[in-house]
Each structure stands twice: as structure tokens, then as C-alpha cells.
Amino acid sequence: MKLWRPTLQQTWQGRDDSAEAGNAKRIFQTISQHTQFTPASAGIALIGFECDEGVKRNHGRPGAAQAPDVLRQALANMASHQGHERLADMGSIYVEGEELEAAQQALSDAVIACQQAGMRTLVFGGGHETAWAHGRGVLDAFSNARVAVINLDAHLDLRKADRATSGTPFRQLAHYCAEHAREFHYACLGVSRAANTQALWDEAERLNVTLVEDLDFSRDALSSLDNVLTQANRVYLTLDLDVLPAGEMPAVSAPAALGIPARDLMPVIEKICRSGKLQAADLVEFNPHYDRDGQGAKLAARLAWQIAHWWA
């Protein structure tokens, strides 16, 4: 596997309570660690994407390349309950220099390999350029499926640019679907009108994007999600951590002035996970440089914990 490296074994550490009881386990004790990229026939493949080149190109705050291992460390000491034993750390894809596109291709290839082997994929980004690579991998792995892309995000990320950035992934996926004569099913829930220009709203309308604004989230998100899930065979969920309020998640490139509290996001995430259609998920834009006492890392890891726990 190109541009791939295994996770260092010491990344997964935590408190050992096994003397207390046989089932007093934590994630670091139940996760399987792969020293070679060898997908299994089942389970949840945890893949890191060590990249912030897309954020740099989008004039954001770099630092997300360090996120995967920080999130692994935050997840390691959480309790391992039903479903968490399915987690397998498949290592990380990294960027050489500024070669974003090569790294994105490597991540797509890794996702395809895992999905076709029978694993679902949980990716720790990286900036939101992760979504072009992850989403393309899911589309290629299920070429005949109706794949819904659900983005929990303050931003539409439908920017028009000369080259890929963290702001272009869903425009890229839309073009990719058009090139392959596939329908593009995209929902952006939690989007901020204040954080997206009118040009981006026009593009979303042109692409028939399902939109739920941050102000309407508690009222409309679950009903809109019902419509999206009904029409889909498979779902790719991408969770941009800047959808959270800055007070809960300061550790992102673009903190949200308003945002959606984690407690309000949880029912939406649970419904997607329990739908039986979730094929892939990622958490992106976490930037350890701007974290406060590890609070952001803990919250992001808890979201990942819940996804693995609820994933039907």
C-alpha cells in the first residue's frame, strides 16, 4: 500500500482493569493492530489520514495532519463495550510534501480494499479533503449502489477551485458522479448560512442538496434524514468537527460561532448508525494545536466511540 504506515504500538495505551473482572476492558485492549495492510473479512477498519495540505490550500489553520494519533490516544482508554471489539487499526495514509492528490488516491485505494474485503471504514482525518478520497473509495467499492453522502458540517464544501482543497470535496464527488452517470445524493446537516456565500448556496440548489441549517437543526434534522435514508442503499457519513460550537470544539480550522451541540448531534448519528446502511464514516478537521486540555480530542473520540458502538 502506497503512502501507508502502521500505527506505533505504544499509541494504544490505557488503564488496565483486567484484574477486576474478565470484561473490564478498554479499547486499547480489544482493538486489533495491523502491522501490514491486510484487510479482514469483517469488522471496522480504522484508518488515519495524516493530511492538512487541503486546509493549507484553503487558507485555513494547519495542524490536522497530527490528528489521527491524538484521536487514537483519546479513544484508547475508553471502555470497550459491545461492538468495539470489531475495531481494527489499519494504520495511516500520509502525504509526502504537498502531494495531496497522491495521498487521496492512496486513501481511496485503502478504502476500496477494506470495503471489498467486507470491512466498513472509519477514517480519522485530516482536513475535509479526506471526504473526496473516502467518498470516492465508497462509490468505487459499490458502483451499482445508491450511495448517500451525509455531511454534518457548518460548511457546504462545494467550492470551485483550480485544485483540490478542504473546501472542494463534495463538488469533486458531484463531478465524479456525473462523469460515471451516477446520481449525486448529498445532504449537509447543520450548515451555517453565515459561513457560506450565496454562490455556494446556489451551487447546492443546482445539485439538489438536502440542507438543514444550524438554526433549524433540532426541528428538521431527523425528518430530513428519514428522507435521505429511505432513498439510499448505502451511506457515507462525514462529520466535520467544526459543526460543533466553538465552546465545545475549539480545536478546528474554522470554529463555529453558533454550531450544533454534541447532544443534539447524537440522535442523528445514532439513526444513521442503526439504519443498517452505514458503510463508511469519518471525523475530520480536528486540529490538536488549538485544543484545550485535550477536551476537543475527548469529545471527538467519544463521537467515534458512539459510532462504533451503534454501528449496526
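The values are calculated or read from the model by the stated rules, or taken from the named source; none is laboratory data. The structure presented is a predicted model; accordingly, all values stated were derived computationally and were not measured. Heads up, the Cβs are rebuilt from the backbone with ideal geometry, glycines too, and the neighbour counts pull from every protein chain shown. Just the protein is used for accessible areas: all its heavy atoms, side chains included, with ligands, DNA and RNA removed. Shrake-Rupley method; radii C 1.70, N 1.55, O 1.52, S 1.80 Å.
The table below gives the values:
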item: Complete set of residues in region 278-294 that are open to solvent by 10 Å² or more (accessible area, probe 1.4 Å) and either without any contact (Cβ under 8 Å) to a residue 40 or more places away in the chain or closer than 19 Å to Glu85 by Cα (or both); result: Gln279, Asp293
item: Tally of residues being open to solvent by 10 Å² or more (accessible area, probe 1.4 Å) and closer than 19 Å to Cys188 by Cα across region 155-164; result: 4
item: Residues that are open to solvent by 20 Å² or more (accessible area, probe 1.4 Å) and under 23 Å from Leu225 (Cα atoms), drawn from region 165-183; result: Arg171, Gln172, Arg182, Glu183
item: Hits in region 135-154 (condition: touching a Leu at 6+ places or on another chain (Cβ under 8 Å) and either surrounded by fewer than 21 Cβ atoms within 10 Å (Cβ to Cβ) or in a helix (DSSP H, G or I) (or both)); result: Gly135, Arg136, Gly137, Leu139
item: Close pairs (9 angstrom Cβ cut-off, 6 or more residues apart or separate chains): over 21 Å from Gly276 (Cα atoms) in region 208-230, part of a strand (DSSP E or B) and open to solvent by 20 Å² or more (accessible area, probe 1.4 Å) anywhere; result: Asn208/His185; Asp220/Glu213
item: Any pair with Cβ under 8 angstrom, 6 or more apart, that starts in region 155-179 at a residue that is outside any loop (DSSP other than H, G, I, E, B) and ends at one that is hydroxyl-bearing (Ser, Thr, Tyr); result: Pro169/Thr130; Phe170/Tyr186; Leu173/Tyr186; Ala174/Tyr186
item: Unique match (being modelled with pLDDT under 95 and either touching a strand residue (DSSP E or B) at 6+ places or on another chain (Cβ under 7 Å) or of a type in the set (S, T, N, Q) (or both)) among Thr197, Thr165, Thr130; result: Thr165
item: Hits in region 1-13 (condition: modelled with pLDDT of 95 or more and either open to solvent by less than 50 Å² (accessible area, probe 1.4 Å) or assigned to a loop (DSSP other than H, G, I, E, B) (or both)); result: Leu3, Trp4, Pro6, Thr7, Leu8, Thr11, Trp12, Gln13
item: Every residue from region 15-31 that is assigned to a loop (DSSP other than H, G, I, E, B) and either closer than 29 Å to Ala113 by Cβ or in contact with a Pro (Cβ under 7 Å, 6 or more places away or on another chain) (or both); result: Lys25, Ile31
item: Among the candidates Arg57, Arg61, Arg72, residue that is touching a residue at least 60 places away in the same chain (Cβ under 8 Å), surrounded by 15 or more Cβ atoms within 10 Å (Cβ to Cβ) and under 19 Å from Asp282 (Cα atoms); result: Arg72
item: Residue match in region 59-73 (condition: modelled with pLDDT of 95 or more and either of a type in the set (Ser, Thr, Tyr) or assigned to a strand (DSSP E or B) (or both)); result: no
item: Considering residues of region 32-46 that are part of a loop (DSSP other than H, G, I, E, B) and not β-branched (Val, Ile, Thr) only, the residue most open to solvent (accessible area, probe 1.4 Å); result: Gln36
item: Selection count where residues are without any contact (Cβ under 8 Å) to a residue 40 or more places away in the chain and either at positive phi or open to solvent by 30 Å² or more (accessible area, probe 1.4 Å) (or both), scope region 106-115; result: 1
item: Those residues of region 15-28 which are surrounded by fewer than 18 Cβ atoms within 10 Å (Cβ to Cβ) and at pLDDT 95 or above, in sequence order; result: Arg15
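Quick grid of which residues meet (1) among the acidic types (Asp, Glu); (2) within 23 Å of Phe170 (Cβ to Cβ); (3) open to solvent by 50 Å² or more (accessible area, probe 1.4 Å):
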| site | (1), (2), (3) |
| --- | --- |
| Glu50 | yes, yes, no |
| Ala65 | no, yes, no |
| Asn77 | no, no, yes |
| Ile93 | no, yes, no |
| Glu98 | yes, yes, yes |
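Residues are listed down the side, and each one gets a yes or a no for (1) of a type in the set (S, T, N, Q); (2) modelled with pLDDT of 95 or more; (3) closer than 18 Å to Ile47 by Cα:
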site	(1), (2), (3)
Arg219	no, yes, no
Ser223	yes, yes, no
Pro267	no, yes, no
Ala280	no, yes, yes
